[in-house]
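Report on one structure; see the data block that follows.
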Amino acid sequence: MSAVNGGLSAERVAALLEQERESYRRNHAGSERVHREAVHLLGGVPFHWVNAYAVPFPLAISQADGAHLVDVDGNPYHDFGLSGTAAMGGHHGSVLREIIEQDVPGPGVVTGWTTEDAGPIGAQLAQRYGLERWELTLSATEANRAAIRLARAITGRPDLIAFRGAYHGSLEELHPTAPGSAPGIGAAVRMLRFNDPEGLAGALANERVAAVIVEPALTNGGGVALPDPEFVTALNVLTKRHGTLLIVDETQSGAAGYRGASHELGIEPDFLTLGKSLAAGLPIGALGMREAHADAVVRVLEASPGGRWTLAGYGATVTAGPLTLRAARTYLTEVMTPEAYDRMNQLSQELSVRLAQTIARFDLPWRVGTLGAILGLSFSEEPIRDGDAARAPDPVPGLRDYLFIALLNRGVLVGNLGGYIVVSPTNTERDIDAVVHAFDETLRCLRE
């Protein structure tokens, strides 16, 4: 057994994983019933990703409040997965209930028009992120799709640069090997290694690149890959030098702070995209841009076939309905305040230190990376620097699956697709203690 896997055996991990799965089956009869009875849903779930979790069948949730969940069997959980940051501010059923009771009917749910909440949302986003003009979308995927289309239209160039290990939603051309993708869909996309300024310089040299799309830090695998200062400089300087627009996707990295990770790390976006958490869990995305680019976007839209302000290949009918706008305004101004970010980042730092101490106590060569309120576990003592390292296979097969289900069986839910932890401003010291205690028990079982 090598030092790379910390002396863990594949047989031990496999046996523990099966024990935890059997424990899950015994304690989740109600969730199994819900899954079994959903015979008309593909895979028994409303969306196929739900079946990617490392459990025999998915949880069926009956209650969500703050940083806590309860399933249909009455099992309580400290929720540190928070739906991949979509519930980053905590589960705000009370906020939505208050909005619905006060405002529905009123302006309604969807009208195809606007409300007086729209302007303050734009002002709030501009003040936070330093970009003067904003457009709302149905999701972060839609925001990224719009940014890429507009960048190509503004520059008149075809190509796109992205980085391995990032996600950017379900954009087909960034996932060209997915089943059923159109032939040649990714031909205009160059996938580079994160933290490689020389590779970026070479890829931009042909003057054909409309946009570089990048997450400020990679959090979609195991661990957190932060950008090197040299890479940040390359993103800022080289894109401007070559007339390429820089699209920064803050959908997940927005957990870094009140003004996002790009501000914290010194990245200077031309376009910035957001999603997931902006409306207390209701579907929404946002696209921000600099004033000069906003003027160019207007010219593009005016020149579209069909006349001024036409569809232009993106948008959705139910985008920014009155209910969503009111939820977004409330969330941005009353829930996710600077004080809320300070609290969640303080708790995140405390938790990262305590988890690292637990790992050291069990003499395991692992590392906890942080990006504001996001923590990621990597099975390496060295910092994660790119997407390839973040998505490296487990040193022992099934190790990350075991950690996920063992924590869940001990009342702590973390993100399974990558395994990261998200800290909410609704968390307490008691929640932090619960994670550390469950993690300690889980590692103790490995070592015994």
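General observations
- When the P(r) is computed for segment 95-335, the part past 31 Å accounts for 23% of the Cα-Cα pairs.
- In a fully extended conformation the segment linking ARG241 and LEU301 would gain 19.0 nm over its present Cα-Cα distance, using 0.36 nm per residue.
- Relative contact order for segment 95-335, counting Cα pairs under 8 Å that sit 6 or more residues apart, in percent: 31 percent
- Gain upon complete extension [GLU381, ARG444; 0.36 nm per residue less C-alpha separation]: 20.7 nm
- Along each principal axis, Cα extent of the chain, largest first, Å: 67, 56, 44
- Going by neighbour counts of Cβ atoms within 10 Å, the residues HIS28, HIS68, HIS175, HIS48 line up, fewest first, as HIS48, HIS175, HIS68, HIS28.
- Exposure proxy for PHE362, PHE231: other Cβ atoms within 10 Å of each Cβ, ordered fewest to most, give PHE362, PHE231.
- Over segment 325-365, the Kirkwood radius and the radius of gyration, each from Cα atoms, give a ratio Rg/Rh of 1.33.
- The mean sequence separation of alpha-carbon pairs under 8 Å and at least six residues apart, normalised by the residue count of segment 237-293, gives a relative contact order of 28 percent.
- Computed per residue of the chain from DSSP H runs no shorter than four, each worth -39500 (n - 2.57), the mean residue ellipticity at 222 nm is -12000 deg cm²/dmol.
- Whole-Å distance, taken between Cα centres, linking segment 95-152 and segment 318-375: 22 Å
- Descending Cα extents along the principal axes, segment 1-99, whole Å: 57, 33, 24
- As a ratio to 2.2 N^0.38 Å, the alpha-carbon radius of gyration for segment 293-448 is 1.45.
- Spacing of the two label points (7 Å from each Cα toward its C-beta) at PHE362 and ASN206, in nm: 4.8 nm
- Pair ASP73, ALA182: separation of 7 Å Cα→Cβ label points (nm): 4.5 nm
- Angle of helix 229-241 to the longest C-alpha principal axis of the chain, folded into 0 to 90 degrees and rounded to 10: 20°.
- Burial ordering of MET336, MET289, fewest other beta-carbon atoms within 10 Å first: MET336, MET289
Where a number appears in this text, it was derived from the coordinates with a stated rule and is not lab data. Note that the structure is predicted; figures quoted are calculated from it, not measured. With ideal geometry, Cβ positions are generated from the backbone for all residues, glycine too; neighbour counts draw on all protein chains shown.
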